[in-house]
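Scroll down for the structure; my scribbles are underneath it.
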Amino acid sequence: MAAIASARYGKDNVRVYKVERDEKTGVQTVTEMTVCVLLEGAIDTSYTKADNSVVVATDSMKNTVYIKAKEHPVTPPELFASILGTHFIDSYPHLTAAHINVITHRWTRMTIDGKPHPHSFYRDGAETRNVEAVARRGKGIDIRSGIAGLLVLKSTGSQFHGFIRDEYTTLPEVWERILSTDVDAGWSWKTFPDIAAVKAAVPKFDKAFEDARNITLKTFAEEDSPSVQNTMYKMCEYIMAAVPEVENVDYSLPNKHYFEIDLSWHKGLKNTGKDAEVYAPQSGPNGLIKVTVARSQTAAKL
Ligand SMILES: O=c1[nH]c(=O)c2[nH]c(=O)[nH]c2[nH]1
């Protein structure tokens, strides 16, 4: 006999743009998001018995995203995701959880002749601000805020030595290397009992994002990194110290390798070790290093 172990469904890639116009100053502010809604609850019969009476159409979910974006602020994304999630479980008694993902894309205001332009913006990077809010009936709202697609590189100030050497090892130890990664980081907040608690925390969300982004960049730039593992752990520690309401911090960092090229076959050109200048960026395979750091009392329970 087969039975459903878990099921959720919804609408992904709902693209939304919202403009805010300040009539007095003529300054406009824009937000562009990609939203995913996934719902859970007493929906098994829609899979097992073709019972569509329990189905909120994914098309209606898309409409709801647009309507809630019209009725409410879409920033900070933590609040908008919580408003959406709460709407679904409040509106449909058979649903138990709503998982809302909001990816906010960068539109940075242009500076023209030294002045911020009132209505023109540019995409200054692939980096996105990502929020996942899960509203669970009777269990409050869990939020993970994050940053993804922040591509960074340092041309020195990174080492890697002392690792296991055995019959599988060819990697030389290095006291000097290039370090590059595509930062995917998240910070998870203590459960909010309800939407009022999320509203009360609104001023903290943008500050936490700026703190986490600055800590990531500063630690990456300034630390003489002994390994990706140690550097990302330090980033987690600093974020936990900067944002007391955060319960844990996670990073997922690909190690984007740049290989030295031996050019000595061409007229004895020196291009390795301290003479290395021309490198071959690798697209794969790459290292992938992940961690979640919790406060000590929570980590002990995990
Ligand atoms: O920072 C690093 N951590 C590793 O675990 C690892 N493994 C590897 O081959 N290079 C690196 N670099």
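The values are calculated or read from the model by the stated rules, or taken from the named source; none is laboratory data. For clarity, every value in this text was computed on a predicted model and none was experimentally measured. Here the Cβ positions follow ideal geometry from the backbone for every residue, glycine too, while neighbour counts run over all protein chains shown. To get the accessible areas, we keep the full protein, side chains included, count just its heavy atoms, and leave off ligands, DNA and RNA. Shrake-Rupley method; radii C 1.70, N 1.55, O 1.52, S 1.80 Å.
Considering only alpha-carbon pairs that sit under 8 angstrom and 6 or more positions apart, the relative contact order computed for the chain is 12 percent.
Spacing of the modelled spin labels on K49 and K234, each 7 Å from Cα toward Cβ, amounts to 6.0 nm. Rounded to the nearest 10 degrees, the inclination of helix 202-222 to the longest alpha-carbon principal axis of the chain is 10 degrees.
With the Cα gyration tensor of the stretch 148-297 giving a ≥ b ≥ c as the square roots of its eigenvalues, does the rule (a/c under 1.5 for rounded; else a/b larger than b/c for prolate; else oblate) give rounded, prolate or oblate? Note, shape of the stretch 148-297 comes out prolate. Our note on the geometry: Cα centres of the stretch 197-211 and the stretch 131-158, 14 Å apart. Applying 0.36 nm per residue to the separation of K270 and S6 and subtracting their alpha-carbon distance, the gain on full extension is 89.1 nm. Based on protein heavy atoms only, the stretch 80-223 ends up with 51 Å² per residue of surface accessible to a 1.4 Å probe.
Here the label points at E223 and Y168, each 7 Å from Cα along the C-beta direction, are separated by 2.6 nm in the simple model. Measuring between their Cα centroids, the stretch 105-126 and the stretch 4-69 lie 28 Å from each other.
Sparsely packed loop sites in the stretch 190-299 (the GluC sites (Glu not before Pro) outside DSSP H, G, I, E and B with at most 14 other Cβ atoms within 10 Å) comprise E245, E277.
Relative to the dominant Cα principal axis of the chain, helix 228-242 is inclined by about 50°.
Summing Lys, Arg as +1 and Asp, Glu as -1, what charge do residues with Cβ under 14 Å from the Cβ of G268 carry, G268 excluded? Here the charged neighbours net out to 0. The portion of the accessible surface of the stretch 1-156 made up by carbon and sulfur, rounded to a whole percent, is 52 (1.4 Å probe; DNA, RNA and ligands excluded). Among rounded, prolate and oblate, which fits the chain when a ≥ b ≥ c are the square roots of the eigenvalues of its C-alpha gyration tensor, a/c under 1.5 means rounded, and a/b larger than b/c means prolate? Note, shape of the chain comes out prolate. On the basis of the beta-carbon distance and an R0 of 22 Å, R123 and D262 show a calculated FRET efficiency of 0.05. Per-residue extension of 0.36 nm, minus the Cα-Cα distance of Y279 and K115, leaves a gain of 55.1 nm for this segment. Here the simple spin-label model places points 7 Å from the Cα toward Cβ, and for T108 and N13 these points are separated by 2.8 nm. Could you tell me which of rounded, prolate or oblate describes the stretch 70-166, using a ≥ b ≥ c as the square roots of the eigenvalues of the alpha-carbon gyration tensor, with rounded for a/c under 1.5 and, failing that, prolate when a/b is larger than b/c and oblate otherwise? In terms of gyration-tensor shape, oblate.
Does anyone have the angle between helix 77-91 and the longest principal axis of the chain? Alpha-carbon axes, 0 to 90°, nearest 10? Taking the Cα atoms of the chain, the angle to 77-91 is about 30 degrees.
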